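Presented below is the structure to which this report refers.
The values are calculated or read from the model by the stated rules, or taken from the named source; none is laboratory data. Everything numeric in this text was worked out from a predicted model, so none of it was measured. Here the Cβ positions follow ideal geometry from the backbone for every residue, glycine too, while neighbour counts run over all protein chains shown.
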Amino acid sequence: MKTSKPQIIRILAINLSAKYLGLAVLKNTELLYWGVKKLREKGMTDSEVLKRTRKNLLRLVNDYSVKVIVIGKPSIRQLRESPRLRLVYRKLKELGRKKSKKVLSFPLLEAREFICQGEKPTKMNVEKMIVSQYYPWLYRRYQKDLEKDLKGHWWERKYYTVMFDAIALGLYCYQKLKTKTLS
C-alpha cells in the first residue's frame with residue numbers, strides 16, 4: 001500500500017495597518033518567523049514605502065521558500081480612509097502573483113473567530129488564545145500588550161497585535177488549505 005507523504009505548506013501571513021506590517025511565516029502550523037515591521041517613517045513617499053515593503057517581503061519569501069501568501073483583507077472603511085493602505089494592499093497582491101505564489105486574502109474577523117473558538121473575537125483574546133494554545137514562548141509579547149489593557153489604557157497602541165493577527169491569519173489559512181486538500 002502506497003502512503004502519501006504529508007504535504008508541507010509554507011505560508012507567509014501579512015496583516016496590514018496604516019503604519020505597521022504584522023508578519024508570520026508558518027510551515028504547516030510550526031511558526032518559523034514572527035515580527036512587526038514599520039511600514040513607513042515620517043516624510044516617506046508612497047514609492048519609498050512600497051520599496052521598503054517589497055524588500056522585506058521578498059527576503060522572507062526567498063529565505064523561507066514560501067508557497068502561499070495570505071493577506072488580511074482590510075475593511076472597506078480602512079481602505080476608504082487610507083489611500084496608502086489601499087495602495088500597499090494592491091501592490092502586495094501583485095507582488096505575490098508576480099512571484100508565482102498563491103495569494104489569498106481573508107477578512108481578519110474570520111481568522112479571529114477561528115482562533116477564539118466561541119469567545120469574543122477581540123485582539124486581546126486572539127493574543128491570549130495563540131499564547132495558551134499554540135505558541136507559549138510568545139507570552140512576553142502578549143504580556144506587554146496585556147499590561148496596557150489591565151491598566152485601562154485602552155488608548156495606548158498595543159504594538160504586537162498586528163503580529164498576533166498575522167499568526168491568526170496564517171493558522172486560519174493553513175486550516176482552510178488543509179481541509180480543501182482533504183475534500
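Data table
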{"read-out": "Residue match in region 135-154 (condition: crowded, with 16+ Cβ neighbours inside 10 Å, part of a helix (DSSP H, G or I) and either modelled with pLDDT of 90 or more or among the polar types (S, T, N, Q) (or both))", "value": "no"}
{"read-out": "Complete set of residues in region 112-133 that are over 17 Å from Cys173 (Cβ atoms) and surrounded by 17 or more Cβ atoms within 10 Å (Cβ to Cβ)", "value": "Lys123, Met124, Glu127, Lys128, Val131"}
{"read-out": "Matching entry among Gly96, Gly118 (being outside any helix (DSSP H, G or I) and either farther than 13 Å from Ala166 by Cβ or out of contact with any helix residue (DSSP H, G or I) (no Cβ under 9 Å at 6 or more places or on another chain) (or both))", "value": "Gly118"}
{"read-out": "Selected residue [surrounded by fewer than 17 Cβ atoms within 10 Å (Cβ to Cβ) and in contact with an Asp or Glu (Cβ under 8 Å, 6 or more places away or on another chain)] from Leu109, Leu87", "value": "Leu87"}
{"read-out": "Filter pass, Pro121 being within 30 Å of Leu146 (Cβ to Cβ), under 15 Å from the mean Cα position of the chain (by Cα) and not aliphatic (A, V, I, L, M)", "value": "no"}
{"read-out": "Contacts under 9 angstrom Cβ, first residue in region 85-108 being closer than 19 Å to Ser17 by Cα, partner of a type in the set (Asp, Glu), 6 or more apart", "value": "Leu87/Asp46; Val88/Asp46; Val103/Glu94; Leu108/Asp165"}
{"read-out": "Odd one out for Ser82, checked against (1) under 18 Å from Gln175 (Cα atoms); (2) modelled with pLDDT under 85", "value": "(1)"}
